[in-house]
Amino acid sequence: MAQEDVFKKIVSHCKEYGFVFPSSEIYDGLGAVYDYGQLGVELKNNIKQYWWQSMTLLNENIVGIDSAIFMHPTIWKASGHVDAFNDPLIDNRDSKKRYRADVLIEDQIAKYDEKVEKEVAKGRKRFKESFDEAQFRATNGRVLEIIAKRDALHARFAEAMNASDLDGLKQIIVDEEIVCPISGTRNWTDVRQFNLMFKTEMGSTNEGASTIYLRPETAQGIFVNYLNVQKTGRMKIPFGIAQIGKAFRNEIVARQFIFRMREFEQMEMQFFVKPGTELQWFEHWKNSRMAWHQALGFGAENYRFHDHEKLAHYANAASDVEFRMPFGFKEVEGIHSRTNFDLSQHAKFCGKKIEYFDPETNESYTPYVVETSIGVDRMFLSVMCHSYEEEALENGETRTLLRLPAALAPVKLAIFPLVKKDGLPEKAREIMHDLQFHFKCAYEEKDSIGKRYRRHDAIGTPFCITIDHDTLKDNCVTIRERDTMRQERVKIEDLRGIIEEKVSITTLLKKLK
Ligand code: GAP
């Protein structure tokens with residue numbers, strides 16, 4: 001099945017089973033805004049818990065906060081967002097569609113990459129067993145020609161972006177003969193800058209109201225609380241402050257479901273370090289965050305780092321953790337060495353000292369910051385994309401399942417009485433009442449056991465148990481495991497021990513230590 005079709009299936013699966021709904025759907029939706037349903041919210045909370053605990057339990061020098069979304073408007077002037085948080089936009093006059101100029105060019109670069117892969121696939125087919133891929137890539141004339149064009153385009157693009165050269169970006173679009181995917185024409189406007197922050201007003205009268213912004217990142221709430229936390233928590237450098245919360249960006253082009261949203265959630269951690277040590281910490285956090293991702297068991301080959309060539313206005317090093325989505329490797333998380341830019345800017349704009357006094361050296365300095373910033377929704381999407389599977393069974397049927405990591409699954413255990421009579425529902429409820437204190441359980445008595453299994457495979461429930469007539473005599477149930485479909489008879493008193501260890505976030509966290 002084409003990857004595009006797989007992605008469409010994942011999107012409709014998310015809706016059909018109550019993971020993600022378009023926002024305001026009965027009013028035909030709202031662009032790039034989504035609601036999480038009854039199962040989505042559980043999965044999302046589990047992702048957040050995994051992140052929060054990995055930060056605040058496993059690192060004794062990291063504490064959390066929860067800052068307000070509304071903040072003093074000068075914060076965004078100081079951080080540079082008012083002046084520089086822009087995307088270059090371009091319109092196609094025929095389709096009236098708006099695009100990000102940089103994304104159009106990045107897509108063009110990706111097309112060159114695809115062409116290379118096609119040539120490699122052709123070579124593999126032609127030379128069969130004797131095919132030496134590395135040699136083919138290094139010597140094939142057609143491949144080298146495409147790579148040269150790609151690299152030239154990439155260099156031109158990086159130069160234009162670094163210099164914020166809007167005319168340069170437009171010229172690349174013209175020279176590369178990039179067409180609008182809707183109208184198919186090259187009738188483009190000039191490229192203009194567009195600020196991504198949403199504005200609103202605070203105050204009761206028009207005259208007295210002041211313009212404030214919906215935060216485009218949670219990080220600034222951490223910076224402006226640096227002194228509060230450092231002093232009240234008696235924190236010693238190096239230390240970190242973690243936060244999970246909503247962020248808002250008026251994205252020009254919102255694409256790929258919950259990948260790029262206008263309202264989304266971030267999990268950010270700012271790690272305050274001594275100046276000069278930031279690049280060591282940057283490496284530390286790159287490795288630590290990659291280990292966090294890989295502990296989920298999705299396969300190391302599905303992740304890669306992408307080091308930034310164009311650095312944000314505040315960074316002296318930056319790298320993305322990219323994950324293989326059905327639409328290619330995409331950024332899920334950013335790790336940024338933000339220097340002392342933010343704290344210095346806030347000190348300048350608020351007129352107060354924001355420093356750290358080092359009791360060991362008796363010196364004061366403005367700490368440097370290494371940030372880890374991951375989107376909850378993108379993480380959710382990567383989990384869904386990797387877990388969704390249509391498995392062909394030996395009997396010729398297909399089952400749709402989510403191979404979710406057990407610790408992230410919305411429901412951990414489904415409890416089925418074989419029939420709705422003979423005291424089996426009562427026994428099932430008794431087991432449920434005992435186990436629901438320890439993990440999320442679901443009770444189901446409708447339809448055949450087979451259909452109930454399928455329903456829970458589709459939502460990723462790792463374990464199901466069936467209570468039958470023998471249960472009343474031997475106090476045993478049949479436990480069935482989602483991925484292998486293996487069934488086993490176990491004692492009711494052993495259930496908690498068997499399941500809890502496998503579904504708990506602690507099991508995931510232990511892989512990190
Ligand atoms: N404080 C730094 C910062 O915000 P970023 O690279 O702009 O850095 C960090 O964003 C992460 O937030 C991204 O890696 C992505 O996972 C998530 N993110 C950013 N914009 C998003 C959007 N429009 N929709 C969903 N997630 C988004």
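Some observations on this one:
This table checks each residue for (1) closer than 17 Å to ASP113 by Cα; (2) at pLDDT below 95.
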residue	(1), (2)
LYS149	yes, no
ALA152	yes, no
ALA160	no, yes
ILE173	no, no
GLU176	yes, no
GLY184	no, no
ASN187	no, no
ASP190	no, no
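- Conditions (1) closer than 19 Å to ARG192 by Cα; (2) open to solvent by less than 80 Å² (accessible area, probe 1.4 Å); (3) outside any helix (DSSP H, G or I); number of the one not met by VAL63: (1)
- A single member of VAL174, VAL191, VAL224, VAL253 is without any contact (Cβ under 8 Å) to a residue 40 or more places away in the chain and either within 16 Å of the ligand (Cβ to nearest atom) or within 14 Å of LEU104 (Cβ to Cβ) (or both), and it is VAL174.
- If the condition is being outside any loop (DSSP other than H, G, I, E, B) and closer than 17 Å to LYS412 by Cα, then region 468-487 contributes VAL477, THR478, ILE479, ARG480, GLU481, GLN487.
- The residues of region 227-245 that are open to solvent by 10 Å² or more (accessible area, probe 1.4 Å) and either in contact (Cβ under 8 Å) with a residue 40 or more places away in the chain or touching a Lys or Arg at 6+ places or on another chain (Cβ under 9 Å) (or both), listed by number, are LEU227, VAL229, GLN230, GLY233, MET235, LYS236, ILE237, PRO238, ILE244.
- Hits in region 386-404 - residues which are open to solvent by 20 Å² or more (accessible area, probe 1.4 Å) and out of contact with any Asp or Glu (no Cβ under 9 Å at 6 or more places or on another chain): HIS386, TYR388, GLU389, GLU390, ALA392, LEU393, GLU394, ASN395, GLY396, GLU397
- Applying the set (1) of a type outside the set (D, E, K, R); (2) within 26 Å of ARG255 (Cα to Cα); (3) open to solvent by less than 70 Å² (accessible area, probe 1.4 Å) to SER54 leaves exactly one unmet item: (2).
- Per-region count, region 365-383, residues open to solvent by less than 10 Å² (accessible area, probe 1.4 Å) and either within 15 Å of ARG260 (Cα to Cα) or more than 14 Å from the ligand (Cβ to nearest atom) (or both): 8
- Residue within region 201-212 that is open to solvent by 40 Å² or more (accessible area, probe 1.4 Å), part of a helix (DSSP H, G or I) and away from the ligand (no atom under 16 Å from the Cβ) present: no
- Within region 483-513, the residues that satisfy the criterion of being within 29 Å of the chain's Cα centre (by Cα) and either more than 30 Å from SER288 (Cα to Cα) or of a type in the set (Gly, Ala, Ser) (or both) are THR484, SER504.
- Residues satisfying the stated conditions in region 270-299, i.e. touching an Asp or Glu at 6+ places or on another chain (Cβ under 8 Å), more than 10 Å from the ligand (Cβ to nearest atom) and not charged (D, E, K, R): PHE271, HIS293
- Some residue of region 405-423 being part of a loop (DSSP other than H, G, I, E, B), away from the ligand (no atom under 16 Å from the Cβ) and of a type in the set (Phe, Trp, Tyr): no
- The residues of region 464-482 that are in contact with a Leu (Cβ under 8 Å, 6 or more places away or on another chain) and farther than 18 Å from LYS427 by Cα amount to a single one, ARG482.
- Of everything in region 66-83 that is assigned to a helix (DSSP H, G or I) and charged (D, E, K, R), the residue that is surrounded by the fewest Cβ atoms within 10 Å (Cβ to Cβ) is ASP83.
- Among the conditions (1) part of a strand (DSSP E or B); (2) without any contact (Cβ under 8 Å) to a residue 40 or more places away in the chain; (3) of a type outside the set (Ser, Thr, Tyr), the only one that GLY497 does not satisfy is (1).
- Taken together, the criteria place PHE341 among residues that are in the same structural domain as ASN59 (by TED's automatic domain parsing), among the hydrophobic types (A, V, I, L, M, F, W, C) and surrounded by 15 or more Cβ atoms within 10 Å (Cβ to Cβ).
- Filter result for the condition that a residue is away from the ligand (no atom under 16 Å from the Cβ), of a type in the set (Lys, Arg) and not assigned by TED's automatic domain parsing to the domain that holds VAL120, over ARG150, ARG215, ARG234: ARG234
- Positions within region 23-39 being away from the ligand (no atom under 14 Å from the Cβ), among the small types (Gly, Ala, Ser) and within 27 Å of LEU196 (Cα to Cα), in sequence order: SER24, GLY29
- Residue ranges of helices (runs of 4 or more DSSP H) in region 121-196 with at least 2 members touching a helix residue (DSSP H, G or I) at 6+ places or on another chain (Cβ under 8 Å), open to solvent by less than 40 Å² (accessible area, probe 1.4 Å) and within 14 Å of PRO88 (Cα to Cα): 141-162, 166-175
The values are calculated or read from the model by the stated rules, or taken from the named source; none is laboratory data. Computed from a predicted structure; not experimentally measured. As a convention, Cβ positions derive from the backbone with ideal geometry for all residues, glycine included, and neighbour counts pool all protein chains shown. Accessible surface is based on the protein model in full, side chains and every heavy atom, while ligands, DNA and RNA are left aside. Shrake-Rupley method; radii C 1.70, N 1.55, O 1.52, S 1.80 Å.
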